[in-house]
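Participant: Following this message is one structure expressed as structure tokens.
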Amino acid sequence: MIVLGIETSCDETAAAVVTGEREIRSNLVLSQLAEHRPYGGIVPEIAARSHLDHLDGLVARAMDDAGAGFDDLDGVAATAGPGLIGGVFVGVMTAKAIALARGLPFLAVNHLEGHALSVRLTEDLAFPYLLLLISGGHCQLLAVEEVGRYRRLGGTIDDAVGEAFDKSAKLLGLPYPGGPAVERAAEMGDPARFDLPRPLIGRDTLDFSFSGLKTAVRHKARELGLPAPGADPQAANDLAAGFQAAVGDVLADRCRRALARFQEDYDRAGPLVVAGGVAANSFLRGRLADVAEAGGARLLAPPQALCTDNAAMIAWAGIERLARGLTDPLDFAPRPRWPLEELVGRAA
Ligand code: KG4
Ligand code: ZN
């Protein structure tokens, strides 16, 4: 089985060709960062136009790199939501056009399902597993029971983790996207210098909250005269380290509880899977590995290039769906909002 995947839900234009034998034949990602940077964030209209400019050429290159022609494909998968709808339209229309022209099955993939199943592209992992999905727009704990069957155990009541990284980076005068910049700054910082809050820690819930932490970073940054470091160039690094350590403590505490709950519900010690852009963070992976080990569970994480947005995970989710006969009609309507729990009914 061989599937073309297309991802256009945010600021990455991506195309990939993946096989049912877990072979990534090609995996191209074109970042729009430079186009959005002058605005300090993603501008949806610019994103959609840029996807439109680049997607056809990128698909052609992905097919070329894979040594495949459209007639070799068994299906075409595209992110059909959630995300910035202009970009999603571009990806979905492109996939539908190829599917229609070549008489191929079309697969409308939920972007979060792409992240949730990405670990099965690199590991021979059976269901169920516990998933911590941490990205720019999402922060959830889920029990992944089957393709299309996701049980939400907890989620953020305010900001997503990636969003907290991005906003804190801005307050510290670090570039966008904030995650990698904060991680680099934190390596040079002292996490103990500033005392920052750990929202909801110790509480009997699997929910998250990051807005209090972000506000604390804002107050400290202001006190220190950041983002212009002035007399204390070390301040931004120390504050970044303190912020990252607080996030690590919160994620560790939630995952410890979630593993216990998963054990109760499924009679299994994990495994714990971490996915989404924030899962690229090595410090946080280390914290989660310790928690998993203490709970007698394995920690699994896709390689970094498959954590941040990419089309290989969309092609793979397409393969998982195609293998179960879960194809979609060509009039499938893209969805800007599309919670994973609403996939029930599209499940195997
Ligand atoms: O999954 P993703 O590429 O896009 C979404 O679906 O949101 O995640 C992007 C998010 C951004 O907020 C970015 O700052 C964060 O992932 N991120 C990181 C790191 N690399 C990316 N956060 C912390 N540490 C990193 N190394
Ligand atoms: Zn994503």
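The values are calculated or read from the model by the stated rules, or taken from the named source; none is laboratory data. This structure is a prediction, so every number in the text was calculated from the model and none was measured. So basically every Cβ, Gly included, is an ideal-geometry build from the backbone, and we count neighbours across all protein chains shown. Side chains are part of the model used for accessible areas, which takes the heavy atoms of the whole protein and leaves out ligands, DNA and RNA. Shrake-Rupley method; radii C 1.70, N 1.55, O 1.52, S 1.80 Å.
Participant: With the Cα gyration tensor of the chain giving a ≥ b ≥ c as the square roots of its eigenvalues, does the rule (a/c under 1.5 for rounded; else a/b larger than b/c for prolate; else oblate) give rounded, prolate or oblate?
Facilitator: Judged from the Cα gyration tensor, the chain comes out oblate (a/c at least 1.5, b/c at or above a/b).
Participant: At 1.4 Å probe size, with no ligands or nucleic acids counted, give the accessible surface of F89 in Å², nearest ten.
Facilitator: Spelled out: F89, probe radius 1.4 Å, area about 100 Å².
Participant: Would you kindly find the accessible area of S135, with a 1.4 Å probe and non-protein molecules such as ligands, DNA and RNA excluded, rounding to the nearest 10 Å²?
Facilitator: Its heavy atoms expose roughly 10 Å² to the probe.
Participant: Assuming R0 = 41 Å, can you tell me the calculated FRET efficiency for the pair D265 and R184, based on Cβ-Cβ distance, to the nearest 0.05?
Facilitator: The value I calculate is 0.60.
Participant: Accessible area, 1.4 Å probe, largest first: how do K220, K167, K214 sort?
Facilitator: K167, K220, K214
Participant: Here's a follow-up. How high is the FRET efficiency from T205 to S282, r the C-beta distance, R0 25 Å, rounded to 0.05?
Facilitator: 0.35
Participant: Then there is this: Specify the angular offset, from 0 to 90 degrees and rounded to the nearest 10, of the alpha carbon long axis of helix 211-223 from the longest principal axis of the alpha carbons in the chain.
Facilitator: 50 degrees
Participant: May I pose another question? Nearest 500 deg cm²/dmol is fine: what mean residue ellipticity at 222 nm does the chain get from its DSSP H runs of n ≥ 4 alone, each adding -39,500 (n - 2.57), divided by its residue count?
Facilitator: Working: 12 runs with 151 residues, N = 348.
Result for the chain: -13500 deg cm²/dmol, rounded to the nearest 500.
Participant: Of all beta bridges DSSP finds with both residues in the chain, what is the antiparallel percent, to the nearest 5? Present the calculation step by step, with values, prior to reporting the outcome.
Facilitator: Details: 26 of 42 bridges.
In the chain, DSSP labels about 60 percent of beta bridges as antiparallel.
Participant: Which angle from 0 to 90°, rounded to the nearest 10, does the C-alpha axis of helix 85-102 make with the longest principal axis of the chain?
Facilitator: Approximately 20 degrees, to the nearest 10.
Participant: Which lysines, on any chain, are close to K214 with Cα under 21 Å apart, when same-chain ones fewer than 8 places away are left out?
Facilitator: K167, K170
Participant: Quick one: order E35, E145 from most to least accessible surface, probe 1.4 Å. Walk me through the numbers on the way to the answer.
Facilitator: Values: E35 75, E145 45 Å².
The ranking, largest first, comes out as E35, E145.
Participant: Would you calculate the separation in nanometres between label points at A323 and R298, each defined as 7 Å from the Cα along the Cα-to-beta-carbon direction?
Facilitator: 1.6 nm
Participant: Count charges around G189 for me, please; just the other residues with Cβ under 11 Å from its Cβ, Lys/Arg as +1, Asp/Glu as -1.
Facilitator: Local charge sum for G189: -2.
Participant: Based only on Cα atoms, what mean projected area does the convex hull of the range 283-348 have, in nm²?
Facilitator: Taking the Cα atoms of the range 283-348, their convex hull projects to 6.8 nm² on average.
Participant: Could you tell me which of rounded, prolate or oblate describes the range 80-152, using a ≥ b ≥ c as the square roots of the eigenvalues of the alpha-carbon gyration tensor, with rounded for a/c under 1.5 and, failing that, prolate when a/b is larger than b/c and oblate otherwise? Don't skip to the answer; put the middle values down first.
Facilitator: Numbers: a/c = 2.83, a/b = 1.59, b/c = 1.78.
In terms of gyration-tensor shape, oblate.
Participant: Work out, step by step, the length gained on full extension between I157 and A289: first 0.36 nm times the residue separation, then minus their alpha carbon distance; give nm to one decimal.
Facilitator: Taking 0.36 nm per residue and subtracting the Cα distance, the gain is 45.0 nm.
Participant: Between A97 and D71, what FRET efficiency follows from the Cβ-Cβ distance if R0 is 22 Å, with the result rounded to 0.05?
Facilitator: Step by step, r from the Cβ atoms, then E = 0.90.
Participant: Find how much the distance from R61 to A305 grows on full extension, using 0.36 nm per residue of separation minus their present alpha carbon separation; answer in nm with one decimal.
Facilitator: Length gained between R61 and A305: 86.0 nm.
Participant: So how exposed is L125, as accessible area in Å² (1.4 Å probe, rounded to 10)?
Facilitator: Number for this one is 10 Å².
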